[in-house]
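Have a look at the structure below before the remarks.
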Amino acid sequence: MKTAVQQVFSELEKLHPNLFNINTTEGKEFVHHFHKYIAIEKEQIYKALCRGHSDCGVFTMTSECEQYYNETYKQQ
């Protein structure tokens, strides 16, 4: 299962592979600029998962939340 952001980046990589080549200036700038959106999405997933845990505050990121994210979305 891929997140929406992962799907967009997969499409971009197919259409414009040079954007993901970190050995070029263009690639470095692209990855540096857009990696923040993956971090934002990851935080949103954590928060959504944590809301379902009674012992978890909205901004608390439990190991269960991180484990779920890593198993479901990491490296796909």
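Taking the residues in segment 35-54 that are surrounded by 12 or more Cβ atoms within 10 Å (Cβ to Cβ) and within 15 Å of F9 (Cα to Cα) as candidates, determine which candidate is modelled with the highest pLDDT.
Residue satisfying both the conditions and the ranking: Y37.
Yes or no: H32 exposed (fewer than 11 other Cβ atoms within 10 Å of the Cβ) and either among the β-branched types (V, I, T) or at pLDDT 85 or above (or both)?
Criteria met by H32.
Are any residues in segment 1-25 among the charged types (D, E, K, R) and loosely packed, with under 12 Cβ neighbours inside 10 Å, and if so, which ones?
Matches in segment 1-25: E11, K14.
I need a count of the residues in segment 21-41 that are aromatic (F, W, Y) and touching a residue at least 24 places away in the same chain (Cβ under 8 Å).
2
The values are calculated or read from the model by the stated rules, or taken from the named source; none is laboratory data. None of the values given here were measured: they were computed from a predicted structure. Because the Cβ atoms are built from the backbone with ideal geometry, glycine has one as well, and the counts that use them run over all protein chains shown.
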